[in-house]
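Accompanying notes for the structure given below.
Throughout, read-outs are computed from the coordinates displayed, never taken from laboratory work. Since the model is a prediction, treat every value here as computed from it, not as a measurement. Using ideal geometry, Cβ is built from the backbone for each residue, glycine included, and neighbour counts are taken over all protein chains shown.
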């Protein structure tokens, strides 16, 4: 882990130098975890070309020393901003980079008032840019998170039957994933059945599963700080012919987009692979979300596979591929896998079968 942290700090320092920034102040938990390994709920990192300081409170001082050995760990007292400013002054910092997408206006004004630096300069998402390309250690952890979700689906298929509630299916998925080592769920588990399956983000309710229902399950596990994300739509009893048709269209679109998710393509071009198939089948207006998104420490991060996705795919990027068709009054289908961009041959991480399942 120390080698990884060292490389990440080196990469950040290179970007800081390129932008003429003396130091970065990092407060977003996903970013300070990525750069230091610290998992506590409160920290500020100050990173210069020579120094790496982690400031936290009395709750986390010892934990930080264990988890972030490459950082000088300091426990603040009294005013956090005065404490941080003393560090900035001692390091001779004049241009300080801050996380403009995370820092609130109130916090920014406090930085301006409390920090005796010459300039506060946006980092331009440079940590998030570094996080987009996963190293092998990160990919291995994500694979564990994906397997937990895959195993949870296999388990819950034996639990789904008429009379069971959506919230009971969600609870069974979550309980199983935690028993397999998940710290928690990547997001609120989605279980949407029958006509509710036309809701792309239909969080589980008291609705009872009935014969003929489509059941869409979208869920994921957090393992060692990294998320997984998968969706499968299954049927309880014989589905309506229109839903069978929709399922096959979504499956074709999903498989084709998976194969086309290659290095060098912009996210919007991969999105278009699936979108064009769905559009030509007459369901273009029923696919209203992007094809996919990056997954890592956060469940939604760059790059995006969407009509506006302009980031070019590169090796090591981990993204979802999740087309869907949603028809009000009938139901919906979504199929989602996670993949790693790998030259011309994307590595599919999700192992669960995609052929139609009728329970």
Hey, residue 181 closer than 30 Å to residue 312 by Cα and within 23 Å of the chain's Cα centre (by Cα) or not: no
Total residues in the range 4-50, condition over 24 Å from the mean Cα position of the chain (by Cα) and within 15 Å of residue 68 (Cβ to Cβ): 2
Subset of the range 254-269 (residues that are more than 24 Å from residue 356 (Cβ to Cβ) and either touching a strand residue (DSSP E or B) at 6+ places or on another chain (Cβ under 6 Å) or surrounded by 16 or more Cβ atoms within 10 Å (Cβ to Cβ) (or both)): 263, 265, 266, 267, 268, 269
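Every residue, every condition in (1) over 20 Å from residue 28 (Cβ atoms); (2) in contact with a helix residue (DSSP H, G or I) (Cβ under 9 Å, 6 or more places away or on another chain); (3) part of a helix (DSSP H, G or I), yes or no:
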site	(1), (2), (3)
100	no, yes, no
108	no, no, yes
112	no, no, yes
120	no, yes, no
124	no, yes, no
128	no, yes, yes
Lone qualifier among 331, 324 - being surrounded by 20 or more Cβ atoms within 10 Å (Cβ to Cβ), in contact with a helix residue (DSSP H, G or I) (Cβ under 7 Å, 6 or more places away or on another chain) and on the phi > 0 side of the Ramachandran plot: 331
Residue list for the range 285-307, restricted to those being more than 10 Å from the chain's Cα centre (by Cα), closer than 23 Å to residue 263 by Cβ and surrounded by fewer than 19 Cβ atoms within 10 Å (Cβ to Cβ): 306, 307
Members of the range 179-193 that are touching a strand residue (DSSP E or B) at 6+ places or on another chain (Cβ under 6 Å) and surrounded by fewer than 20 Cβ atoms within 10 Å (Cβ to Cβ): 183, 184, 188
Residue 99, sole failed condition from (1) under 30 Å from residue 313 (Cβ atoms); (2) free of Cβ contacts under 8 Å to residues at least 12 places away in the same chain: (2)
Qualifying residues in the range 308-317 (those that are in contact with a helix residue (DSSP H, G or I) (Cβ under 6 Å, 6 or more places away or on another chain) and touching a residue at least 60 places away in the same chain (Cβ under 8 Å)) - the one surrounded by the most Cβ atoms within 10 Å (Cβ to Cβ): 317
